[in-house]
Amino acid sequence: MFVAVPALTSLVPLLALPGVTASAGTAGWAAVAIGQSIGAAGAVVTELGWGLTGTVRVGRQAASAARQLLAWSFATKAIVLVVVAPAAAGAAALLAPAYHLEAAAIAGFGALSSVNAVWFFIGRGDPTALLLFDALPRTLCGVTAAVLLLGGSSLWIFVLGVGIPAMAAPVLAVRAVRLQRSHLTGMTWRRLLRVIVMQRTALAGRAVSAVYIALPVTLVAAVAPTSVVASFAGADRLQRMALTGLQAVPNTVQHWVGSSPGLRERLIRARNAALVSVVVGGGVGAVFVLVAPALSRMLLSEDTAVTPSAAMWCAGVITVVSGSRITGSVILVVLRRVRFIVISATVGASIGLVAIPLGAQLYGVSGALCGTLLAELGVLGVQVAAAVRGWAATSRVS
């Protein structure tokens, strides 16, 4: 089931792409892509790193303690959302070449989308709840919006398609997990702010990583014409959808690794998971090279289709990210070297801030994708080095 859920959620957005381009053209697609890019970055900040620190933790907790941790995550996310959502909406409205209000709404709902219980369901090993209370509502709304867009509806239908499930997710999670007032016991402003501060290491890593994970479209939009933005956004979207499907691997192994009582066994499982993730990611990257150009012509316009060279750069990104997802969110967490996630993210952000816009200016779509790959390689390199040192230190102690 952990395999089916990401695969389902990765396919649904594909259905909306033809409708968006048919309804609003290249400028509308660029506005949607910018709104989603900034919204995804806002979601990273709003998420506060709970997916990193909480997933393995709730796998070993009693049910009541796990529910209380979820309640604290909702409360802290809500505080951050009040600041992040308006900022994301304003930035999207300013950068969008057209459809400014729609882009702003998409960015705001994007920031809200991380207020959910996905990490909780994964940590508790409950894929059925993940499907019923998160993936299924997003799927139904996405399919409905896609059909209506193809029927000639306005771009606001797409906005509703992403906004309704984002608003419903926390409500459904509260009912599914049966959160009660007792789970809010002891929750004061001071303690909530203290928890936010405690999440700073995980948050810093996620927030900095947003530069090269969620914001490439925005970085390209700041320096390139709308045609390049639309083409890059198409390649980036298909690449991210492939990576969403591959999220099944870390989703599955996080619970498997975290449920092991011994450190050595957890490390062995994490190493095996990393090997599997890289092999699977490489395979998906190879398929991407073969399929993406033709698929993009079907979903987008001929002008914004993915070229074979762009598909090759995307395949490299897919493979590298498949590795760093395990080294960062699993191996370094098990080794308690989470600070290196922040360091690796900083390296990736530093590379991406320069390489992505510079590549876009010099070589267009392929240049921007090359910059993305360089950033991801920087991240993986730092994480692998930290994991090797941490593993060696653990072996000496044991």
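Please treat every number below as a calculation from the coordinates, not as lab data. This structure is a prediction, so every number in the text was calculated from the model and none was measured. Cβ: placed from backbone, ideal geometry, glycine included. Neighbour counts: every protein chain shown.
The table below gives the values:
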item: Farthest toward positive dipole pole in region 218-398 [+1 Lys/Arg, -1 Asp/Glu at C-beta], among Leu335, Val382, Gly281; result: Leu335
item: Cα-based shape type of region 1-125, given that a ≥ b ≥ c are square roots of the gyration tensor eigenvalues and the cut on a/c is 1.5; result: oblate
item: Relative contact order of region 77-167, defined on C-alpha pairs under 8 angstrom at six or more residues apart (%); result: 29
item: For region 77-215, with +1 on Lys and Arg beta carbons and -1 on Asp and Glu, the positive-most of Pro170, Ile79, Gly108 along the dipole; result: Ile79
item: Size of charge dipole - region 116-220 - debye, nearest 20, with Cβ of Lys, Arg +1 and Asp, Glu -1, no other charges; result: 580
item: Order of Val338, Val58 under a 10 Å beta carbon neighbour criterion, fewest first; result: Val338, Val58
item: Dipole in debye (nearest 20) - the chain, about Cα centre, beta carbon charges: Lys, Arg +1; Asp, Glu -1; result: 1900
item: Tail weight of P(r) past 23 Å, computed on alpha-carbon pairs of region 218-398, percent; result: 45
item: Computed label-point distance, nm, for sites Gln361 and Arg339 using a 7 Å Cα→Cβ extension; result: 3.6
item: Answer label for semi-axes √(5λ) of the Cα gyration tensor in Å (calculated), chosen among (i) 38, 25, 21; (ii) 58, 45, 19; (iii) 32, 25, 19; result: (iii)
item: Full-extension gain in nm, Ala385 to Leu184, via 0.36 nm per residue minus C-alpha separation; result: 68.3 nm
item: Principal-axis tilt of helix 308-326 within the chain, Cα atoms, nearest 10 degrees; result: 10
item: Sequence-separation-based contact order of the chain, relative, with Cα cut under 8 Å and 6+ spacing, percent; result: 21
item: Loop-exposed trypsin sites (Lys or Arg not before Pro) per DSSP, neighbour cap 16 Cβ within 10 angstrom, longest uninterrupted part of the chain; result: 1-177
item: Simple label model, 7 Å out from Cα along Cβ direction - Arg191 to Val147, nm; result: 4.7
item: Rounded FRET efficiency, nearest 0.05, which uses the C-beta distance separating Met312 from Val223 and R0 of 25 Å; result: 0.65
item: Cα long-axis angle, helix 248-258 against the chain (0 to 90 degrees, to the nearest 10); result: 10
item: Cα long-axis angle, helix 156-177 against the chain (0 to 90 degrees, to the nearest 10); result: 10
item: For region 129-182 versus region 281-305, the gap between their alpha-carbon centres in whole angstrom; result: 27
item: Gap separating the Cα centres of region 64-94 and region 226-259, nearest whole Å; result: 22
item: Computed label-point distance, nm, for sites Leu275 and Thr128 using a 7 Å Cα→Cβ extension; result: 3.4
item: Fully extended contour minus Cα-Cα distance, from Ala286 to Val83, at 0.36 nm per residue; result: 69.0 nm
item: Whole-number percent relative contact order across region 1-198, with pairs defined as alpha carbons under 8 Å at least 6 apart; result: 33
